[in-house]
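So the structure is just underneath, and the comments pick up after that.
The values are calculated or read from the model by the stated rules, or taken from the named source; none is laboratory data. Note that this is a predicted model, so its numbers are computed, not measured. Cβ: placed from backbone, ideal geometry, glycine included. Neighbour counts: every protein chain shown.
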Amino acid sequence: MLDEDDYKKLTRVMQYLRCTRELTLTIEPGTDAQWRVDSSYAVHPDKRSHSGVIMTLGKGVMYSTSCKQKLNTKSSMEVELVAIDNAMGQILWTRHFLAAQGLHIPMTTIFQDNKSTILLAENGSTLSSNWTRHLNVRYYFVTDKIKNGEIKIAYCPTKDMIGDFLTKPLQGSAFIRIQEKILNLPSSENTTVHRSVLRVDKNNAIHCSRKDMRKDAKDTDTPHGDSVTNCNMKWARGTKEGNRDDKASK
């Protein structure tokens, strides 16, 4: 039997995919690999958490993964430490791979938005307390790598943590801002380009376009004009505005 809520979500996803065909990932390579590791605490039905890992090597995302953690944790601090440990294999492999290409590999930076997790990772079991004594020794592997000078963990404000893109349902300006960083797009704060994907008019029709996209497409004689013009779709239920209109009609 078809679940109506799931169908609404699927509709939104398909609309987003259709309306962002012109957005592309642009890579500007560099030599300093940086990692963003983030988690959402107890978001799954069995109360397990979710991890998101993103690597940049210059501008634009080179590697990303989003996965459910394999154990239950007792705090948001602990879940962030587990996420870092789970990412360590890929982080160290990337260091070895880049070194094998003849590149000079500086200390790898892992950005984290939980200050308690940073302190725990840097000090290991010496910072043990009633809240952390149950942690397995494997989760202090990162402490050894920090002491060896291979990696360091730096604080990143939550608003700048692009790993949120893989762990939380972002909306509005936060979604657009992180999308621009991931795809290496021009910042909408510095240009007149509007990157909203779904725009609603008075007739409750969804138009997936950016401001001036039609004008730019005509000026440059690109096929984007047709794709944007044909992207007018029926207003999807399940959104705030759609639910309000449904109640009004009833």
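Take the residues in the range 36-68 that are in contact with a helix residue (DSSP H, G or I) (Cβ under 6 Å, 6 or more places away or on another chain) and either part of a loop (DSSP other than H, G, I, E, B) or hydroxyl-bearing (Ser, Thr, Tyr) (or both); name whichever of them is surrounded by the most Cβ atoms within 10 Å (Cβ to Cβ).
Ser39
Has the range 186-193 got any residue that is outside the structural domain of Ser39 (by TED's automatic domain parsing), at pLDDT 75 or above and over 28 Å from Trp93 (Cβ atoms)?
For the range 186-193, residues outside the structural domain of Ser39 (by TED's automatic domain parsing), at pLDDT 75 or above and over 28 Å from Trp93 (Cβ atoms): present.
Quick one: Gln15 ticks every box in (1) in contact (Cβ under 8 Å) with a residue 12 or more places away in the chain; (2) in the same structural domain as Tyr155 (by TED's automatic domain parsing) bar one, so which box is it?
Only one criterion in (1) in contact (Cβ under 8 Å) with a residue 12 or more places away in the chain; (2) in the same structural domain as Tyr155 (by TED's automatic domain parsing) is unmet by Gln15, namely (2).
What are the residues in the range 84-142 that are surrounded by fewer than 18 Cβ atoms within 10 Å (Cβ to Cβ), of a type in the set (Val, Ile, Thr) and part of a helix (DSSP H, G or I), if any?
Thr126, Val137
Might you let me know whether the range 7-17 holds any residue that is within 30 Å of Asn136 (Cβ to Cβ) and either charged (D, E, K, R) or at pLDDT below 90 (or both)?
Scanning the range 7-17 turns up no residue that is within 30 Å of Asn136 (Cβ to Cβ) and either charged (D, E, K, R) or at pLDDT below 90 (or both).
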